[in-house]
Each structure stands twice: as C-alpha cells, then as structure tokens.
Amino acid sequence: MSRLTTTLTDALGLDVPIVQAPVGSATCPALAATVADAGALGMLAVTWRDEAATREVITETNHRTDGVFGVNIVADSDAKDVPTETHVEVCLDEGIDIFSFSFGDAAPYIEQIHSHDGTILQTVGSAAEAKAAVDAGVDVLVAQGWEAGGHVQSTVATLPLVPRIVDAVPDTPVIAAGGIADGRGIAAVLTLGAAGAWLGTRFLATEEAHVHRRYRQRVLGADETETVYSALFDEGWPDVPHRVLENTTVADWKAAGQPETERPGGGEVVAETDDGTPIRRYEDSLAVPGIDGDVEELPLYAGQSAGLTQTVQSADELVNTLTEETVEALERAN
C-alpha cells in the first residue's frame, strides 16, 4: 500500500491521511479495527453508548487491531444521557488517546486529555470557530462542510471552508469533511491545504458498517440530488440541522408545507428495535441491523457524496482503493 505523508499522518502515526468518520451507531469495533489495520484512522462514536457499552466497544476494538483508532463525543448535552465528562473519563481509563469532539467545545476537557498525552480533534464550521478552538488548545481541526451527511455544523460548503480554516490556523492540521467519497476528493482537499480527509457516507457502504441492508441499498442507489438538509428528524436531538436521503417522511412533510409542528404522521410508530422498543416517525434513530418495520421511513443519514458511493467493499479494501486513487489524482495534477 502506498504511504501518503502529511502533518496528520505524522501526528497520529497513520500510513494514510484518511479518517473513517464516526457515523453514529453505524460505527462498531469491526469497522474501526479494519480501517485501523489498513493504516487509516478508525473511529468509534460513543455519545449514545452508556459507560458499560463504551468500555465494551473499546475493549473489543483493541482486541481486533494494533492500529490507530479514536472516539468521537458530541458535547451537546441535549443530545444524550451520559455526561461528556463521564465519557472522557471512561475512554481515558480504557487507554484512548485520540478524542474527537463535535457540536460543542472541547475546551473543558483539553487539560485532562493532554495530561494523559492525548490528542484532541474538534469539528468546526467557520474560520472563527477554528481560531477559538486552537486558542483553547485543540490539536487537530475537522472542517465540516455543508455537503456532509448526518448532523451538520456548518452552512459553508467544503471547497471554500477548508482554505479559510487552513489560512486561519496555518500551524494546525486540518481534516476536510463533507462531500468526499473517492481519491479525487481526497486529492482535492489536500491541494487546498488540508492534512487529511474525513469520509462518512462512503464508509456506510462497507461490509463492516453496522447499518441495515435497506439503508445501505438506498445510499448505493442515491444520486447527488437526493439528499435533504433540514432539522426534520429532531426527536431526541432538537434544533440541529442534518442531511438525509429523500424518503416518504420527507416528501409528505414537504407536501404539507414543511410545518414545524403538527407534521404528517407525527408520533406514529414506524419501526421497532430488536428488543421491541418503538421508533417514531421523526425520531433521530439510525437504521441499524435488527430494526423491523418501515426502515426506509427513518432518517437515512447521507451526504451529497452518496452519488459517488456505488459499490460495497470491505473497509480495508476501501482504504487501499482510496489511497491508490489519491496518489493517481495527485500525480495527474502534477
């Protein structure tokens, strides 16, 4: 496998400047470990996992790989039941040394993590946010553009956002996120000054991703025009914009004039988890294996890069493919 050296690979001990985004419940030990074994950065999302489940996934991932992986924690207290400080303490206790924070500031946890020789990533959506994060002591920034799938922090597209942030914090590695699904996209953000690329939607279409088969099929079949940016699926995490694939829930809401309240089918149970827990139509609930019912009515989180996501590969094969494509694209550009 080719090695692509950047300030990010040097800082984190990676072979390639590729990050598997922490796409909520789709992350699992198999995915993060396979990515790590391939020389990229595997990520586990732990925000919606309790203390015991967090320890379990970290332990299993450690057993599966000697590669590099980290955790992502949403700092927004409205999004979760477990306090951020609890997640930080648990992850440090389990030996995690790469922490990614989103939807909130990493600042309250920087001294604690740095005292354990940890590295801190924070997702930002503007140059001003980037400067504030670096001034607080953040080590690496994730510049998330508006094209991204799932919950989105910025209203600026990736192409203008990345160079703005790179210029604002020239001594800090910047990872570009949003709309990247192949080596051409990775090469593009590297030429913009980014030190790496953060891919979420593309990793949904891997054999290891913990997603329902119908969700994966919808991602594979979607084109770049079939996503919707709104705050529609807000039960459980209110007022946070997100990008999902078009489905009947979205279409009926649009047809009704996009009401903020009294939305079509509000409160209706459309599916249930494998333990029988009901899932309501506008609930923030990622479609994972074991869900039964109208899975396609759930929020099918995906970015505009869904149009570039057309095949299923194992995660290590995907990392290798992305690396080869990136090298080829950079060689063509030169």
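Suppose we keep only residues that are assigned to a helix (DSSP H, G or I) and out of contact with any Asp or Glu (no Cβ under 9 Å at 6 or more places or on another chain) within the stretch 25-50. Which one would you say is surrounded by the fewest Cβ atoms within 10 Å (Cβ to Cβ)?
Filtering the stretch 25-50 for residues that are assigned to a helix (DSSP H, G or I) and out of contact with any Asp or Glu (no Cβ under 9 Å at 6 or more places or on another chain), the one surrounded by the fewest Cβ atoms within 10 Å (Cβ to Cβ) comes out as Ser25.
Would a scan of the stretch 295-318 turn up a residue that is over 24 Å from Gln153 (Cβ atoms), surrounded by fewer than 17 Cβ atoms within 10 Å (Cβ to Cβ) and among the charged types (D, E, K, R)?
Yes, the stretch 295-318 contains at least one residue that is over 24 Å from Gln153 (Cβ atoms), surrounded by fewer than 17 Cβ atoms within 10 Å (Cβ to Cβ) and among the charged types (D, E, K, R).
Determine whether the stretch 216-233 contains at least one residue that is under 26 Å from Val134 (Cβ atoms), hydroxyl-bearing (Ser, Thr, Tyr) and buried (at least 21 other Cβ atoms within 10 Å of the Cβ).
So far as the stretch 216-233 goes, no, none of its residues is under 26 Å from Val134 (Cβ atoms), hydroxyl-bearing (Ser, Thr, Tyr) and buried (at least 21 other Cβ atoms within 10 Å of the Cβ).
Testing Glu260 on (1) without any contact (Cβ under 8 Å) to a residue 12 or more places away in the chain; (2) buried (at least 17 other Cβ atoms within 10 Å of the Cβ), one condition comes back false. Which one is that?
(2)
Among the residues of the stretch 85-99, how many are surrounded by fewer than 20 Cβ atoms within 10 Å (Cβ to Cβ) and in a helix (DSSP H, G or I)?
5
Every residue in the stretch 134-174 that is within 22 Å of Ser25 (Cα to Cα) and of a type in the set (Val, Ile, Thr), please.
Val142, Val152
Filter the stretch 247-277 down to residues that are in a strand (DSSP E or B) and not small (Gly, Ala, Ser), then give me how many there are.
Count: 3.
Would a scan of the stretch 199-207 turn up a residue that is more than 25 Å from Val162 (Cα to Cα) and either more than 19 Å from the chain's Cα centre (by Cα) or assigned to a helix (DSSP H, G or I) (or both)?
no
Mind counting the residues in the stretch 114-127 that are outside any strand (DSSP E or B) and either more than 23 Å from Ala168 (Cβ to Cβ) or touching a residue at least 40 places away in the same chain (Cβ under 8 Å) (or both)?
Going through the stretch 114-127 one residue at a time, the tally reaches 5.
Counting only residues that are out of contact with any Leu (no Cβ under 9 Å at 6 or more places or on another chain) and farther than 15 Å from Glu147 by Cβ, which one in the stretch 169-203 is surrounded by the fewest Cβ atoms within 10 Å (Cβ to Cβ)?
Per the stated criteria, the residue is Asp171.
Filter the stretch 279-334 down to the residues that are part of a helix (DSSP H, G or I) and under 27 Å from Thr47 (Cα atoms) and list them by number.
If the condition is that a residue be part of a helix (DSSP H, G or I) and under 27 Å from Thr47 (Cα atoms), then Val295, Glu296, Glu297, Gln304, Ser305, Ala306, Ala315, Asp316, Leu318, Val319 are the ones that fit.
In the list Ala271, Ala287, which residue meets the criterion of being over 14 Å from Arg216 (Cα atoms), of a type in the set (A, V, I, L, M, F, W, C) and either in contact with a Cys (Cβ under 8 Å, 6 or more places away or on another chain) or buried (at least 19 other Cβ atoms within 10 Å of the Cβ) (or both)?
Matching residue, one of Ala271, Ala287: Ala271.
Any read-out appearing in this document is the output of simple, stated calculations on the displayed coordinates, not a laboratory observation. All values derive from a computational prediction rather than experimental measurement. Every residue, glycine as well, gets a Cβ built from its backbone with ideal geometry; the counts of neighbours run over all protein chains shown.
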